[in-house]
Amino acid sequence: MGFIGAGGNTRSRHLPGFAALSGVELVAVANRTTASSEAVARAFGIGRVEPDWRALVAAPDIDAICIGTWPYLHAEITLAALAAGKHVLTEARMARDAAEAEAMLAASRAAPELVAQIVPAPFTLVFDGAIRRFLDDGRLGAVREVEVVHTHGALADPATPITWRQRADLSGHNLLTLGIHYEALLRWFDDDAEVGAACGETFTRERRDAETGAMRVVDIPDCVTVSGRFPGSGARLRMHLSGVETTTPRNEVRINGEAGGLRLDLVNGALWHSPRGGAEERIEAEPVAGGEADGWRVEADFVESIREGRAVTRTDFATGVRYMRFTDAVWAALGGC
């Protein structure tokens, strides 16, 4: 394995996850600076530091690449890695926009012998099976509305430095946690939502760049509200995402059908079912075979797909294109509320 960009998720999840697997060698790392690459190599017993990501992709002793960079490099590295005959696991979000995502999908289909996987949205892994069964077996009846609310206070303080998530040059059209929540919805609903309207607000229009000290324009909104519809079922979709919550943070999905509803409380990790007019009943989380308590087994899935030819399910490039198309549609609709 070679690692390009060893950010927080790579250090907390991917590097320990791959290191724990039998027969997997952590060969090389290329981070943004040589100093940070060397620090990661020391911490995780990685044998070599490469001067840049292109040298790592070209290395003949590397079979697979883990991309942990910000979204602006996902497409470029993926295309180069697939062309070099390397399997690819890329961090989410898939790319900056749908055009980049579609180029990645086309390259993966041109090399079907290579595994191409996106790190999945992790919030709902232990609840996905139960939610899908409730929808499939009719216990909710016809679904009328789906509501997603995720708010926190990370952007509430105007003095907080700008992050890559607030810069379109680094993050593209990815807005707050829009893509990660919509990806979860795609596991439960078969059709793609149509965006009717979207609006966003940037309350602090300039923030300090922590690296340079200069002020930089914020070009990704601090909060976003989306209104849409699933055309197959006719269910209404509403999403509200905010980084300026100054009361209790929220992270919740509600699915309301004519016969009952589901409430997924992601703050407390609990799923609740309510028959129409009845009391809530807690639905137990379902362990994922071979996974951690929260359902995480991304690294094992990736290696098993390589070794056994197993199809990628969490998350394949085709699904990534679907959520990037939705993200683009929301971006294009901003200002429409």
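The values are calculated or read from the model by the stated rules, or taken from the named source; none is laboratory data. Just so you know, these numbers come straight off a predicted model, no measurement behind them. Here the Cβ is made from the backbone with ideal geometry for all residues, glycine too, and neighbour counts use every protein chain on show.
Some observations on this one:
- Taking the criterion of being of a type in the set (A, V, I, L, M) and without any contact (Cβ under 8 Å) to a residue 12 or more places away in the chain, the residues of region 194-249 that qualify are Ala214, Met215.
Yes or no, residue by residue, for (1) in contact with an Asp or Glu (Cβ under 9 Å, 6 or more places away or on another chain); (2) surrounded by fewer than 19 Cβ atoms within 10 Å (Cβ to Cβ):
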| site | (1), (2) |
| --- | --- |
| Pro287 | no, yes |
| Asp294 | no, yes |
| Glu299 | no, no |
| Glu304 | no, yes |
| Val312 | yes, no |
| Thr319 | yes, no |
| Phe326 | yes, no |
| Trp331 | yes, no |
| Cys337 | no, yes |
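- Residue satisfying all of: in region 204-233; surrounded by 12 or more Cβ atoms within 10 Å (Cβ to Cβ) and of a type in the set (Lys, Arg); nearest to the chain's Cα centre (by Cα) among these: Arg229
- Filter result for Leu334 (at pLDDT 95 or above and touching a Leu at 6+ places or on another chain (Cβ under 7 Å)): no
- The set of residues in region 260-285 being β-branched (Val, Ile, Thr) and either touching a Phe, Trp or Tyr at 6+ places or on another chain (Cβ under 6 Å) or surrounded by 15 or more Cβ atoms within 10 Å (Cβ to Cβ) (or both) consists of Ile283 alone.
- Selected residue (criterion: surrounded by the fewest Cβ atoms within 10 Å (Cβ to Cβ)) from residues of region 32-78 that are among the acidic types (Asp, Glu) and closer than 28 Å to Asp97 by Cα: Asp52
- Positions within region 6-15 being assigned to a helix (DSSP H, G or I) and touching a Phe, Trp or Tyr at 6+ places or on another chain (Cβ under 9 Å), in sequence order: Thr10, Arg11, Arg13, His14, Leu15
- Looking only at region 127-154, residues that are part of a strand (DSSP E or B) and without any contact (Cβ under 8 Å) to a residue 40 or more places away in the chain come to 0 in all.
- Where a residue in region 318-337 is in contact (Cβ under 8 Å) with a residue 40 or more places away in the chain and under 12 Å from Tyr182 (Cα atoms) and its partner, wherever it lies, is part of a helix (DSSP H, G or I) and among the aromatic types (Phe, Trp, Tyr), with Cβ under 6 Å and at least six apart: Tyr323/Tyr182; Phe326/Tyr182
- Contacts under 6 angstrom Cβ, first residue in region 155-171 being without any contact (Cβ under 8 Å) to a residue 60 or more places away in the chain, partner surrounded by 16 or more Cβ atoms within 10 Å (Cβ to Cβ) and hydroxyl-bearing (Ser, Thr, Tyr), 6 or more apart: Pro158/Thr204; Arg165/Ser171
- Of all the numbered requirements in (1) in contact with a strand residue (DSSP E or B) (Cβ under 7 Å, 6 or more places away or on another chain); (2) farther than 18 Å from Glu258 by Cα; (3) surrounded by fewer than 23 Cβ atoms within 10 Å (Cβ to Cβ); (4) of a type outside the set (Ser, Thr, Tyr), Glu145 misses one, and that requirement is (2).
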